[in-house]
Every structure is written in C-alpha cells, then in structure tokens.
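Beneath this line is the structure, given in structure tokens, with notes to follow.
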C-alpha cells in the first residue's frame, strides 16, 4: 500500500527526521491559510499515488498566500495519470544548496532491507540508477542487529564532508531505518534530502510503501489507506477479497491463482486478443466471490466477452459454477461467457452449468481460442 | 528417487486442528503421506482422525514421534513463530503454506533457520509432492503421476495446469515443488535445480517463473554453469503492465528489470527450451527426454 507524501512525512516527523513545517489542504482556502501561517514563498504539491507530478503540472511555486490559493484551486480536482487530486501539501519554498537521495527497500536477493544512498538526488534519481549506478552506494542491513552506528556514519560520509552534516544525516538514516522496520515498509525514501545555504540538513520529500501483509495486524496503518486515490473497480475488488487490475483490452478474465491468471492473459494475447483485466479469485472461492467478480468485470463497458479459467485444487469448481449461475440470475451479463473448468468436483460443476443451459470446456487452450474468436467476430 | 520428501518422510502438521490444517491433513493421509503428529497449543492429548496424536509443542511432538518434516497451516500472524518453533525443535525440512506472512518477519526467520540447518519451503506456497510416495501441502495428488521429470514453480494453479498436461500425456514426475511467490522465500529455484541435478531419479526439469525480481535470471545462470540435465522453462506475465502487483507480492515489474521478455531471453541464452504456451510443455519435455 502506497502512502501519500503527507502521510509519509508524518511518520518520519514522528521519528524525529528534521523537515520543514507544512500542511495538507483539501480546499484552496485551506491552502491559503497554511501559506499565510508558513510565511514567505511556498510550494503547492498534488497528493496522488504516481510519480511525475511536477511534469504534469501538479507541483507549483507560489510567492504569496493568494497565489497558493490560486494554484491549489487549479491542482485540486486535476487528473494526473488517471487519478484525481483530492489534497495538496503546502510547504515552504526552500533555498537549496544540495540534493541527495536516501532510500531503503526490501531486497529479495539479500533477503534484507537495503539502503541506497546517492549524492546525486532529486527528480532524476531513476536516471542516475540506470546510467551511473556507481553513484549509488548500497548497504544491506542485518535484520537482527539493525543499522549499526558506524554503518550510518559511513553512508552519511558518502553524502557530506562537513562532520556536523554527516552526523545529522547519519541520525536521519537511523530514523528512516526505524520507520521502515517499525511499520513493515517495503520502501521508504527521502528524495531529496537537502542542505540549505546555511548548512541545515532536511528531508524535503518522502515516499513510503507498506507491505500489504502488515495491514491485518496494524489497523493504524490500514487506516491510512485512501480509497479515493485508487481505481474504483480495484477498491471494489479488494473489499470483495479479489485481486483485480484493470487493463486496456476487451477480454474479461476470471482465474484462480496469480500465476495461472497471468498465463491466461498471456495466452489471450498469444491468440490475438487483448485481456481487459487481471483477476485472481484466490484459493477457497465461495460462489459470492464469483458473483462479485462478474459484477466488477461487466461494469467495464470495453469488455466484449468473459473467460473463466479455473483449475480446481482447493478451489472447488462446483462453487465457481454455482457462482456463475447465481450471478446470471441476479443481473444480466450482457456479453458471452466462455467457461473452462477442470479439477476438484468438475463433474458436479458441468452438471450445474448444463442445468441452466450453459456449457463448459476442460481445456485452457481451446477456451482461450474460443473467447478470442468471439471478440473478433463482435468487432 | 525424488527431492526433499519421500516414503520415509515422517510429517508433523502445525495447525492440524484448524480449518485448513485439518482438511489438508486428511488429504495428505489419504494420499499416503505418513502424518505422524499434529501440533495445536492447548489441544495436546487429543487424537486427530482417530490416528494422529496432537501435541502442545513441536518439541514434544518430535520427541514422541520422530517427526522429521513439518508443514505449517497457521494464520499469518503466527506463521513466523511456527517456523521458529519447528527449526528450534530440530526439524530440518519445514514447509509453510500460509499466505500473507509479513515480509519483515521473514527477514528475521531466514537467518534463524539457516543457522540451524533447516530448509524452509515457502511461505505462501502450495508445498510439494513426490508422486506415489509423499504429498506435503496442497498440490492435488490426482493430477500427478510417478516418473522422472522434476518440476519447480513459483505458482500454484499454473503448476497444476502444466503438471496435468504432463500426466495426461504419460510423463510422470519425480517431485513437483512450489517455491511460492513471496519476496522472501526459504527455498529458491537454484536450491531445487541443484537438488534435481543431484537426484538420480530425475532426467529432465521443468521450471515455471513469473515477472518480477531476478530469481529466474539467476536460475538461468545456474543452469548454464551447473545443470547437465535438460531444462524446459515458462514465464508468466508477458502482458502484465509495469509497476503493478499481479497478486503475488513478488510479481511486480519496475522499470525494465524483471520483465517476462528479459527472463525468457535469459532462459534461452542458458539453453533452456522456453514454452510459449503451457501446453507446449508436452512437446518440449518429450523432446528433452528423447535427447
């Protein structure tokens, strides 16, 4: 789960990371009030879960509170990469002497959190990583001992030579590491970590992603989820216990298991179709999940046909068949459905479907070819 | 022959009285797995299905039954604790089926099990099966058949799809292993490839990967250097959009690394025959076995 910048700032601030004061506004008037309180020039920043906000016009400098109000009025409600801006962050426009990057990510290979630190921070850090990776220092952190003081200092020395700045930066690394481990983050970064002309070291922007598996035991973090900042169909799916990602094609897919779901999408493409979504109904699927899955998929007007691909293991195929029957009784499914079922209780499943005049296939390849042919014919 | 589990495996089920644990313990017993003990704290002294003694702790269960492998079906919040307990009691092979284990927990579990010489499979995996001998986890036994092809995969149902193709075409398996799709897992592709290479009962290997991370690229490099047996590979997620999670926490592509294309190229460069569709496994494995 991605946190908004203002939420990430709050977690870091609570851990003691030095940063400019600021405020979050949902209306232009609030933005103006914050700018007035801060005094001087401010930056108004769109709070959306995507990069490239500045390039999209979602980050603006304002010299006066009145100007902050104007910018906020334009940015609030703006759509950036499909996401509507609901809130803006207002922070002082700082004079900056240097920009560094400090990040921690959960690394699969070392099976540890790994620090990535670079004196070449700022908006182009991804470019730095791609073209001059030697400018980034990496340090895996022992999960039992944590970040040791000498390690934090060594990282800080890659950024600064002034010992006061080094000590401050080392402290910030320790604080960032504490926030990362305490909250079960998969990513926590400060970009940029800046120095001001008078030598202060401050975090200017922050980004934190929380491991979704933490949310059950951390209701305080789960409460930070902002559903208004997500694709509505994906929110609906998550609340129904489904994993759903909307894509641009027209073949709706309902599959059990993430790997098989991806392989199904790939096969749709292989036979010349375009998948409309990724949808994993998970392991122990009850009929209700299938009803919800169909409801979500049929709400997408670009879907021209729906493919079920179910390999019953834990998932009982008769449960899925019952779900399809229940859904078609509850609401009209306006497009053809191609069903592939095999595995646990498949005979019962075929019988249930035949009872309402539907048929199912047992071969994945055949089902995918059929659904692609239907979509092509409709076009 | 096989890898990791066989007829001699004496299995302990942690969480045997729970909804999932009891259901799958029964299935494993029906398959013929020697389920020798169960553990549920507070239910020690009970007997599961009139056959299997239940203990309060893993240490008690091991002392009383000589269990040498464990499978975990406890909820996510208790999964790391269950792994620690099994390793501490001297169990050398632990399979964690549980989905949703916090990754931060796994960062601490891994050094713990390594120090004790315990192999962990999973978490968030379907387990493994040596057809005709021993099933540990949730892979349906009826789609597998004894034979000489080793299967290793990051997925669950995709594994079933491919194994089913093999079985229906008369190609049996030595062992089928689901390593799981989480970011931090106990046993990776390379561990399984090494075991299959060393297993005299395995003649060819099928490896199924997904987008995200670099495990498949590392596995391909290992195949090129160390695996003399033919390998057939598949990568799921060619149509996945960048920067999005596709269900498995692991299946996420960021930027240009971890794409299906990159992984398929790495496979091909290592001499691995790459399937375009799941059904291609039959032809490619058939060819490999005739070689």
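No value in this document is a laboratory result; all are computed from the given coordinates. Values in this document were obtained by computation on a predicted structure and should not be read as measured data. Here the Cβ positions follow ideal geometry from the backbone for every residue, glycine too, while neighbour counts run over all protein chains shown.
Remarks
- Chain A: most fluctuating residue of A:225, A:69, A:108 per GNM, C-alpha cutoff 10 Å: A:108
- Segment A:29-69: radius of gyration over Cα atoms, expressed as a fraction of 2.2 N^0.38 Å: 1.19
- Calculated on C-alpha atoms, the gyration radius of segment A:231-378 divided by its Kirkwood radius gives an Rg/Rh of 0.92.
- Spin-label model, residue B:23/residue A:95: points 7 Å from Cα along the beta carbon direction are separated by 6.7 nm.
- By the equivalent-ellipsoid construction on the alpha carbon gyration tensor, segment A:185-259 comes out with semi-axes of 36, 16, 12 Å, ordered largest to smallest.
- Helix A:317-330 and the longest principal axis of the Cα set of chain A meet at an angle near 90°.
- Chain B: antiparallel DSSP beta bridges as a percent of all, rounded to 5: 25 percent
- Alpha-carbon gyration tensor eigenvalues x 5, square-rooted, for segment A:272-346, Å: 20, 14, 11
- For chain B, the ratio of Cα radius of gyration to the globular rule of thumb 2.2 N^0.38 Å stands at 0.97.
- With a simple spin-label model that places each label point 7 Å from the Cα along the Cα-to-Cβ direction, the separation between residue B:276 and residue A:356 comes to 3.7 nm.
- Against chain B, whose longest principal axis is taken from its Cα atoms, helix B:280-290 shows a tilt of about 90°.
- Projected-area average for segment B:10-121 over all orientations - Cα convex hull basis, square nanometres: 6.2 nm²
- Separation of alpha-carbon centers, segment B:1-60 and segment B:172-194, rounded to whole Å: 22 Å
- In terms of its Cα atoms, segment A:336-379 spans 35, 22, 8 Å along the principal axes, sorted from long to short.
- With all pairs of different C-alpha atoms in the average, the Kirkwood value for the hydrodynamic radius of segment A:98-222 is 14.8 Å.
- Zone of residue A:36's modelled label, taken as backbone nitrogen in segment A:75-100 under 17 Å from a point 7 Å along Cα→Cβ: A:90-91
- Order of A:64, A:315, A:181 under a 10 Å beta carbon neighbour criterion, fewest first: A:64, A:181, A:315
- The stretch between residue A:200 and residue A:74 holds 42.1 nm of extra length on full extension. This uses 0.36 nm per residue minus the Cα-Cα distance.
- Helical content alone sets the calculated 222 nm signal of chain B at -10500 deg cm²/dmol, taking -39,500 (n - 2.57) per DSSP H segment of four or more residues and averaging over every residue.
- Summary of the geometry: segment A:204-280 and segment A:109-162, compared by the centres of their Cα atoms, lie 31 Å apart.
- Axis of helix A:163-182 versus longest Cα principal axis of chain A: the two differ by about 20°, to the nearest ten degrees.
- Förster radius 56 Å - calculated FRET efficiency between residue B:63 and residue A:240, Cβ distance, rounded to 0.05: 0.75
- Computed label-point distance, nm, for sites residue A:126 and residue A:26 using a 7 Å Cα→Cβ extension: 3.0 nm
- For segment A:256-303: rounded, prolate or oblate by the Cα gyration tensor [a/c cutoff 1.5]: oblate
- log₁₀ of I(q)/I(0) at q = 0.09, 0.13 Å⁻¹ - segment B:70-220, Debye sum with one point per alpha carbon: -0.26, -0.55
- Binned Cα-Cα distances of the protein assembly as shown, short to long, each 10 Å bin given as a whole percent: 3, 15, 23, 24, 19, 11, 4, 1
- Sequence of A:266, B:20, A:124 once ranked by neighbouring C-beta atoms within 10 Å, starting from the fewest: A:124, B:20, A:266
- Rounded, prolate or oblate (a/c below 1.5 giving rounded, otherwise prolate when a/b exceeds b/c) for segment A:150-286 by Cα gyration tensor: prolate
- A straight chain from residue A:162 to residue A:50 at 0.36 nm per residue would run longer than the Cα-Cα distance by 36.9 nm.
- Pairwise FRET efficiency - residue A:10 versus residue A:230, Cβ, R0 = 25 Å, nearest 0.05: 0.80
- Antiparallel content of DSSP bridges confined to the protein assembly as shown, in %, to 5: 55 percent
- Alpha carbon convex hull of segment A:21-92, volume per residue in cubic angstrom: 66 Å³
- Computed [θ] at 222 nm, helices only, for chain A once each DSSP H run of length n ≥ 4 contributes -39500 (n - 2.57): -11500 deg cm²/dmol
- Residue A:328/residue A:81 FRET efficiency (R0 56 Å; Cβ-Cβ; nearest 0.05): 0.95
- Candidates A:281, A:352, A:208, ranked by Gaussian network fluctuation over chain A, Cα under 10 Å, top entry: A:352
- For chain A, the Kirkwood hydrodynamic radius from C-alpha pairs, put into Stokes-Einstein at 37 °C and a viscosity of 0.692 mPa s, yields a diffusion coefficient of 139 µm² per second.
- Counted over segment B:20-132, the DSSP beta bridges are approximately 20% antiparallel.
- Theoretical gain in end-to-end length, residue B:198 to residue B:228 [0.36 nm per residue, Cα-Cα removed]: 9.8 nm
- Comparing B:220, B:268, B:145 in a Gaussian network model of chain B, where Cα atoms under 10 Å apart are tied by springs, the biggest mean-square fluctuation is seen for B:268.
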